[in-house]
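The values are calculated or read from the model by the stated rules, or taken from the named source; none is laboratory data. What you are looking at is a predicted structure, and each value in this text was computed from that prediction instead of being measured. Positions of Cβ are backbone-derived with ideal geometry, glycine not excepted, and every protein chain shown enters the neighbour counts.
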2 protein chains.
Amino acid sequence: MSEFGRRSAEINDVLCTLNLLGWDARTQMPSGGSETRAAQTATLSGIAQRLMLDPAFEAAATEAAGDLAEEVAAKQALDAIGALKRVPEELTRELALAKSAAQDAWAKAKTNSDFAAFAPHLTRMVDLTRRLADALGYEEHPYDALLNLYEPGLKSSTLKSLFGRLRAHHVALLQEIQAAPEPRTDFLERFYSVEDQRTLALEFAQLVGYDLSRGRLDASAHPFEISFTRNDVRITTRYRETFLPGALFGVLHEAGHALYEQNVAPELTRSILASDLLGLYAVGGASFGTHESSSRLWENRVGRSRAFWDVHFGRLQSVFPAQLADVTPEEFHRAVNRVRPSLIRVEADELTYDLHIMLRVEIETALIAGEVQVAELPELWNARVKADLGLDVPDDARGVLQDIHWSTGYFGSFPTYTIGNVMAAQFFEAASEDVEDLHGSLARGEYGPLRDWLTEHVYRHGRTFTPHQLLLLATGRELDEGPYLTYLTNKFRDLYGLEQEAKA
Amino acid sequence: MSEFGRRSAEINDVLCTLNLLGWDARTQMPSGGSETRAAQTATLSGIAQRLMLDPAFEAAATEAAGDLAEEVAAKQALDAIGALKRVPEELTRELALAKSAAQDAWAKAKTNSDFAAFAPHLTRMVDLTRRLADALGYEEHPYDALLNLYEPGLKSSTLKSLFGRLRAHHVALLQEIQAAPEPRTDFLERFYSVEDQRTLALEFAQLVGYDLSRGRLDASAHPFEISFTRNDVRITTRYRETFLPGALFGVLHEAGHALYEQNVAPELTRSILASDLLGLYAVGGASFGTHESSSRLWENRVGRSRAFWDVHFGRLQSVFPAQLADVTPEEFHRAVNRVRPSLIRVEADELTYDLHIMLRVEIETALIAGEVQVAELPELWNARVKADLGLDVPDDARGVLQDIHWSTGYFGSFPTYTIGNVMAAQFFEAASEDVEDLHGSLARGEYGPLRDWLTEHVYRHGRTFTPHQLLLLATGRELDEGPYLTYLTNKFRDLYGLEQEAKA
């Protein structure tokens, strides 16, 4: 192994260990451990940073001359080193302190629905994040510097026009849907035991290809996927005993993330191409959006499809015979795809979810640009929720205070949820063209062909390519909302018995 | 915080993280993760070593001038740095390679009961370990250098005379016992569900003071306790559905270890006085033997006492009404204290356990001294088992190949099990003298007074004192087998209805 490879492996080992510290804290750790765990995490982060900024690592990266993968890795390492060096240590320290205070303040403010109590912290976070954007550098818009942390190469200007088109489409489709009769959903809220939910969810995750010899499922307050190399890729979910779809589709979603990580090429293991050097964690996926494309694809395109329930509803019914005795596969499919505007992002359906995202992105872009002030946020938020979703926001806890993201400085990550939806549709369309009888295989409950296509064109590359390069290679197209909008339109017109335009 | 304190905290954080990597690998990790986990562990160990051998850490330790605890910590750090520097890097590398090969060879040899296949690996391990002892340095016996890694200050000469007296006592008492009728034990092997065993074991662990807000219980192939600071102290056990005492007393044993860690003084958190710098892991207990004294005390002195079951047998019976319907507390107490020579150390009873230990210590001391050759081991082993336990060893898998220790280079750790028994009796005797009505409180199922005494005199000090200093401070005596032998003699004469000498 080259000196660059050896040092990269060491960095990846530390990042995997940081991931483990985080996984354990969220799934296993007793409550008393939180304070010292925070210290352990800070120490390991510091060590990772020192290893990256070791002049010998920079020299090794500069001299790296292996195969193409090593060259790409070396360039990524040098870019990250450059970025880290541009951020003043003082700013990093201030950000860490401000985040810690802001998270506490946010949690209290949300409990009390007291935006004013959170406002000064948010102002401080916006100010520091703007300074971070300046330090990292950008060409057009300061928000681009932040986007780049999650979705390398994506620009605010691209988002703006893309989101404009999405919003117009979604709002119009939502109005059509709201004029139609609602499907029945009563049976989703019957009693479903946690144990049986877990058994089934894990069964479906394995069906689509999640390898439990390199994974496991745990419970946590907020579901997530995390990996310590492709050989150990874990997912979590949460259960509600009176709401079946939560864990069922949540696990398929996280399994979609996990499929990405488990199918990164083995030769990228312990390399920079399985490491996020700026986020300081181990990850094999190319970007947040690319990752989300996989989770959404398996959750929605596969899991919420009519084909899926035509094949698997019998199994579901066999585990919950009493609860689902009076339900047909068609009714189940319609129920788990019901569209209904709601106040809370994480509870939103497939169509209105993007509207929640776009509202946040619009606001945070303006915040970072200095075009709106923190004090104006509740009014802006509530007006947009009324305009897009037709809902009155009763309090800030269910409005502008609902998400943790801004208190943790994650400005720039929200767009990746919707980008993931768009990319998922592009990948699925390309797979449909490439794979013979893809729809036939899905109708038979065979997920290997789709997974193999994704592995070949997306997963195995790890972080070798930018999302833009990956899209071009896999689909021949740039980021393009066409397939996504066609999919949504066809799906929901079909489900709600609306008038069909010509199908794509 | 001083520079020494800051750097010590960083080292302790890394050692706690190493502990977490190990805990996870043994309790949670999917099988596929083992190879990359080994790499992560090796990387973190290397980082811990580099932090310790950083000249700036040595300088900080040399200049440390805080309170007494910091002075003691600085001395321990300098001693460890000195020891590490004396061990050639080449030897460390050779040992790591030899261990890895020897463990694989041992596992196969044990499966096939083929000592000859393991012999060359053991010869190599003995040779390298002898070189390690020479590098670390000693005054009297090379084995002392190894003992020092687990039981600082203990000498082979001390062990030899101590073990001579113990062996004579144990063998004589065993002969008395074997002439008496055996207690009934049939009910121990009825069906006990894992879930109920777990509930009860955890209940008893909490009764003696194990704090679950800073701990948790998992299952693992080999039971252990491990901590990531006093705020997160975890234990594991294994369950057999047809043998009740295994998990029940196993959990009390591990809870005894955990009580030590959870009650180290908070101000030692993240310090050198909660770090084993040579073993490279985080631990608050003063030594292996001191730790074992706590686990044995809670498992045997408390958990296997008549008083314990007079108070708690009703609860046990309420969880297992069918299984224990025909059993009295007295019968239960007699059954879980049955003495019967057996081939396997980890299944041995309280009395014969020491005989297993002494046989191993005698052999490994002679190996390290070059007084016996590896090829002679099976014969030596079998002869000693016959002499002490009266048993014929049917094959080496159930004889000299049964323990993993020698393949992993843990020469010098075996004595600490018996040292723990001896120290436990000394601590218990001192507590009985210091604490008013200690026996009354135990008879009422109140464990706070005993735990408080141990916290005050043992636990809270962490690794501030050597085991020898700790014994002197807590009991006013040096290591002394008197209380232990009195305890065993009285207990088993009583249990087996043997003729009593005057009680202590």
Take B:Ile11 and decide whether it is at negative phi, within 11 Å of chain A (Cβ to nearest Cβ) and touching a helix residue (DSSP H, G or I) at 6+ places or on another chain (Cβ under 8 Å). yes
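If the requirement is being under 30 Å from B:Ala247 (Cα atoms) and free of Cβ contacts under 8 Å to residues at least 12 places away in the same chain, which of these qualifies: B:Glu182, B:Glu195, B:Glu151?
On the way: B:Glu182 fails: free of Cβ contacts under 8 Å to residues at least 12 places away in the same chain; B:Glu151 fails: free of Cβ contacts under 8 Å to residues at least 12 places away in the same chain.
Checking each option against the conditions leaves just B:Glu195.
Within region B:413-468, restricting attention to residues that are among the aromatic types (Phe, Trp, Tyr) and more than 23 Å from B:Thr489 (Cβ to Cβ), which residue is surrounded by the fewest Cβ atoms within 10 Å (Cβ to Cβ)? Even if it seems obvious, please write down each step before you answer.
First pass over region B:413-468, keeping only residues among the aromatic types (Phe, Trp, Tyr): B:414, B:417, B:427-428, B:447, B:453, B:459, B:465.
Filter again for more than 23 Å from B:Thr489 (Cβ to Cβ), leaving B:414, B:447, B:453, B:459, B:465.
Details: B:Phe414: 26, B:Tyr447: 18, B:Trp453: 21, B:Tyr459: 24, B:Phe465: 20.
Selected residue: B:Tyr447.
Any residue in region B:270-282 that is under 25 Å from B:Leu68 (Cβ atoms) and aromatic (Phe, Trp, Tyr)?
Just the residues of region B:270-282 that are under 25 Å from B:Leu68 (Cβ atoms), to begin with: B:270-279, B:281-282.
From what's left, aromatic (Phe, Trp, Tyr): B:281.
So far as region B:270-282 goes, yes, one or more of its residues are under 25 Å from B:Leu68 (Cβ atoms) and aromatic (Phe, Trp, Tyr).
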When residues of region B:17-31 are limited to those that are small (Gly, Ala, Ser) and in contact (Cβ under 8 Å) with a residue 12 or more places away in the chain, the one surrounded by the fewest Cβ atoms within 10 Å (Cβ to Cβ): B:Gly22
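Name the one entry in A:Leu166, A:Leu173, A:Leu202 that is within 30 Å of A:Asp134 (Cβ to Cβ), in a helix (DSSP H, G or I) and among the hydrophobic types (A, V, I, L, M, F, W, C). Before you say what the answer is, go through the steps one by one.
Numbers: A:Leu173 fails: within 30 Å of A:Asp134 (Cβ to Cβ); A:Leu202 fails: within 30 Å of A:Asp134 (Cβ to Cβ).
It is A:Leu166.
Counting just the residues of region A:255-275 that are outside any strand (DSSP E or B) and more than 24 Å from A:Ala205 (Cα to Cα), which one comes out nearest to the chain's Cα centre (by Cα)? Spell out the reasoning first.
The first filter runs over region A:255-275 and keeps only residues outside any strand (DSSP E or B), leaving A:255-274.
Cutting the leftovers down to more than 24 Å from A:Ala205 (Cα to Cα) gives us A:267-268, A:270-273.
On the way: A:Glu267: 25, A:Leu268: 22, A:Arg270: 23, A:Ser271: 23, A:Ile272: 21, A:Leu273: 19 Å.
Among those that are outside any strand (DSSP E or B) and more than 24 Å from A:Ala205 (Cα to Cα), it is A:Leu273.
Count, please, the residues in region B:469-504 that happen to be of a type in the set (A, V, I, L, M) and loosely packed, with under 15 Cβ neighbours inside 10 Å.
Taking region B:469-504 and keeping what is of a type in the set (A, V, I, L, M), we get B:470-474, B:479, B:485, B:488, B:495, B:498, B:502, B:504.
Still in the running and loosely packed, with under 15 Cβ neighbours inside 10 Å: B:472-473, B:502, B:504.
Summing the residues that are of a type in the set (A, V, I, L, M) and loosely packed, with under 15 Cβ neighbours inside 10 Å in region B:469-504 gives 4.
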In region A:183-226, which residues are touching a Leu at 6+ places or on another chain (Cβ under 7 Å) and within 14 Å of chain B (Cβ to nearest Cβ)? A:Leu202, A:Ala205, A:Gln206, A:Tyr210, A:Leu217
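Would you confirm whether any residue within region B:271-279 is surrounded by fewer than 22 Cβ atoms within 10 Å (Cβ to Cβ), touching a helix residue (DSSP H, G or I) at 6+ places or on another chain (Cβ under 6 Å) and modelled with pLDDT under 95?
Initially, region B:271-279 is screened for residues surrounded by fewer than 22 Cβ atoms within 10 Å (Cβ to Cβ), giving B:276, B:278-279.
Now drop any that are not touching a helix residue (DSSP H, G or I) at 6+ places or on another chain (Cβ under 6 Å), which leaves B:278.
Filter again for modelled with pLDDT under 95, leaving B:278.
Checking region B:271-279: at least one residue is surrounded by fewer than 22 Cβ atoms within 10 Å (Cβ to Cβ), touching a helix residue (DSSP H, G or I) at 6+ places or on another chain (Cβ under 6 Å) and modelled with pLDDT under 95.
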What number of residues within region B:376-421 are over 15 Å from B:Leu147 (Cβ atoms) and within 13 Å of the chain's Cα centre (by Cα)? 1
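For residues that are hydroxyl-bearing (Ser, Thr, Tyr) and within 11 Å of another protein chain (Cβ to nearest Cβ), scanning just region B:23-67, find the one that is nearest to B:Glu10 (Cα to Cα). Don't jump to the end; show me each part of the working.
To start, the set of residues in region B:23-67 that are hydroxyl-bearing (Ser, Thr, Tyr) comprises B:27, B:31, B:34, B:36, B:41, B:43, B:45, B:62.
Among the residues that remain, those that are also within 11 Å of another protein chain (Cβ to nearest Cβ) are: B:27, B:31, B:34, B:36, B:41, B:43, B:45.
Values: B:Thr27: 26, B:Ser31: 30, B:Ser34: 26, B:Thr36: 24, B:Thr41: 17, B:Thr43: 16, B:Ser45: 13 Å.
Result: B:Ser45.
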If I ask for residues that are under 20 Å from B:Ile357 (Cα atoms) and among the small types (Gly, Ala, Ser), which ones from region B:163-188 would you list? B:Gly164, B:Ala168, B:Ala172
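Suppose we keep only residues that are assigned to a helix (DSSP H, G or I) and of a type in the set (A, V, I, L, M) within region A:304-354. Which one would you say is farthest from A:Leu495 (Cα to Cα)? Walk me through it before giving the result.
At the first step, the residues of region A:304-354 found to be assigned to a helix (DSSP H, G or I) are A:306-319, A:329-335, A:345-347, A:353-354.
This time we only want the ones that are of a type in the set (A, V, I, L, M), so: A:307, A:311, A:316, A:319, A:335, A:346.
Working: A:Ala307: 13, A:Val311: 18, A:Leu316: 21, A:Val319: 26, A:Ala335: 10, A:Val346: 22 Å.
Residue satisfying both the conditions and the ranking: A:Val319.
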The number of residues in region B:207-242 that are at negative phi and part of a loop (DSSP other than H, G, I, E, B) is 17
So which residues in region B:201-221 are surrounded by fewer than 23 Cβ atoms within 10 Å (Cβ to Cβ) and free of Cβ contacts under 8 Å to residues at least 60 places away in the same chain? B:Leu202, B:Gln206, B:Asp211, B:Leu212, B:Ser213, B:Arg214, B:Arg216, B:Leu217
